[in-house]
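The values are calculated or read from the model by the stated rules, or taken from the named source; none is laboratory data. This is a predicted model, so every value here is computed, not measured. Don't worry about glycine lacking a Cβ; one is built from the backbone with ideal geometry, like all the others, and counts go over all protein chains shown.
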Amino acid sequence: MRAWLLAGKDLQRFLRDPKALAFGLAFPVLLIFFTIAVQGNAGADDPMLHLYVATAEGSGLSHDIIDVLLDIEDLSIRTLEPAEASRALEAGEIGGYLLFPADFTEAVTGGYGTDLSVRVGGQALRTRYALEGLARDIAARAGTSRVVLDAGLSLLATPTAHDVDFSRVEGAFRELFAEDGFGAGPAVTLESERVGPILPPDPPDWSVPGYVVMFLFFTAALGAESIVLERRNNTLERLLVVGATRADILGGKFLGGVTRAMVQAVLLWTAGIALFGMNIGRAPAAVLVITAVFVFASAAFGVLLASLVRTPAAAHSAAVLVSLVAAPLGGCWWPLFLAPPWLQDMARITPHAWANAAFLRTLIYGATLPEVLGEVAVIALFGIAFGAVALLRFRPDAE
């Protein structure tokens with residue numbers, strides 16, 4: 001109970017401190033706004049990932065394949081005429097499309113191969129990956145179908161093939177496109193073409209999570225300064241005199257960091273969604289869990305830092321140094337996959353890297369909570385390690 005009272009007192013002091021509110025809430029929002037303004041609007045990808053296909057054939061296998069794709073519930077497929085698809089891409093109305101060539105049926109059935117074209121805007125990375133995956137699946141199925149057709153034609157060429165119905169062979173060839181699963185084969189090759197400059201996709205989806213991670217940790221680390229100041233002023237020691245235990249004080253300071261960080265996280269995520277239109281992903285619960293676990297780790301680090309330094313100035317300097325090193329190292333300023341492999345490996349020593357990886361997978365690539373439990377567990381281990389050291393080192397009285 002005393003721990004919660006101490007935490008409530010710290011939260012009230014945080015909410016009444018204009019400088020703390022400016023740094024913890026207003027400054028991150030302004031920084032996100034500036035970052036997005038510099039990057040520009042690169043969100044040409046449709047968040048629903050509608051995939052557009054076009055065929056230059058008047059009839060044939062490409063139309064059969066498109067009919068099958070339209071019946072798949074998990075895909076949002078829309079068809080366009082080739083000229084219309086090209087115009088829409090140039091105008092930025094769509095992120096990209098898959099084009100079947102005019103000789104698709106003849107080339108596949110003849111066995112000499114053809115090209116599928118994936119045409120995307122340079123900034124539409126998600127659309128590009130989805131269309132390329134779709135094209136590879138179609139190419140693999142075409143290879144399997146050609147094997148079946150070749151076998152049927154070989155059978156027709158044998159002396160005993162007088163009772164073979166060629167229409168049944170052709171029907172089997174077409175039915176293969178409608179069955180589940182895909183085979184493999186080189187009958188169709190893939191050609192990928194970018195249209196327009198390469199731009200980063202959806203700046204809020206990249207920027208907001210990184211700055212949330214950065215400022216949650218930064219604010220919690222700076223909280224160590226106030227803890228050290230209270231210890232230097234004998235405030236914590238007086239709490240011992242009136243009956244509070246060391247566990248009460250340690251728990252109160254930890255819970256105070258948690259409550260401040262939760263208020264900060266809620267406001268920053270709300271600003272990201274309401275002001276910058278960021279995508280919260282298809283698993284909002286995963287975002288909440290990642291945030292909560294990172295709040296736990298950050299608050300634990302704040303108490304740890306307070307237990308390791310003796311003066312408020314040292315606490316402030318250490319908080320700034322650790323936060324400003326961990327933020328870029330952990331991928332708060334840029335996606336870690338842009339960094340060289342050795343830097344990606346080094347980043348794993350920070351909870352920031354694991355949190356940013358989890359947010360990236362959730363918000364950009366649509367991962368669900370079970371798929372990011374590994375990253376969540378590592379962040380929790382950081383928090384447990386920070387808390388264990390703080391429990392051993394923390395002293396309410398001045399040394």
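Comparison of Gly243, Gly281 shows that the only residue that is surrounded by fewer than 19 Cβ atoms within 10 Å (Cβ to Cβ) and on the phi > 0 side of the Ramachandran plot is Gly243.
If you go through the stretch 354-384 and keep only what is small (Gly, Ala, Ser) and within 8 Å of the chain's Cα centre (by Cα), you end up with Ala357, Ala358, Gly366, Ala367. Between residues in the stretch 16-44 that are of a type in the set (Gly, Ala, Ser) and residues that are buried (at least 18 other Cβ atoms within 10 Å of the Cβ) and modelled with pLDDT of 70 or more, which pairs lie under 6 Å by C-beta distance while being six or more apart or on different chains? As it stands, the answer is Ala20/Phe14; Gly24/Thr219; Gly24/Gln264; Ala44/Gly95; Ala44/Gly121, since those pairs meet every condition given. Going by what's in this entry, would Ser317 be described as closer than 27 Å to Asp205 by Cβ and of a type in the set (Gly, Ala, Ser)? Here the answer is no, as Ser317 does not meet what is asked.
For Arg78, are the conditions met, namely being touching a strand residue (DSSP E or B) at 6+ places or on another chain (Cβ under 8 Å) and either at pLDDT 65 or above or outside any helix (DSSP H, G or I) (or both)? Spelling it out, Arg78 is indeed touching a strand residue (DSSP E or B) at 6+ places or on another chain (Cβ under 8 Å) and either at pLDDT 65 or above or outside any helix (DSSP H, G or I) (or both).
Contact map, the stretch 131-145: first residue under 20 Å from Thr79 (Cβ atoms) and assigned to a helix (DSSP H, G or I), second residue of a type in the set (Gly, Ala, Ser) and modelled with pLDDT of 80 or more, Cβ cut-off under 6 Å, separation 6 or more or different chains; pairs are Leu131/Gly96.
Looking at the structure I just gave you, is Ile280 farther than 30 Å from Leu308 by Cα, out of contact with any strand residue (DSSP E or B) (no Cβ under 8 Å at 6 or more places or on another chain) and at pLDDT 80 or above? First the steps, then the outcome.
Details: farther than 30 Å from Leu308 by Cα: yes; out of contact with any strand residue (DSSP E or B) (no Cβ under 8 Å at 6 or more places or on another chain): yes; at pLDDT 80 or above: yes.
For Ile280, the condition - farther than 30 Å from Leu308 by Cα, out of contact with any strand residue (DSSP E or B) (no Cβ under 8 Å at 6 or more places or on another chain) and at pLDDT 80 or above - is met.
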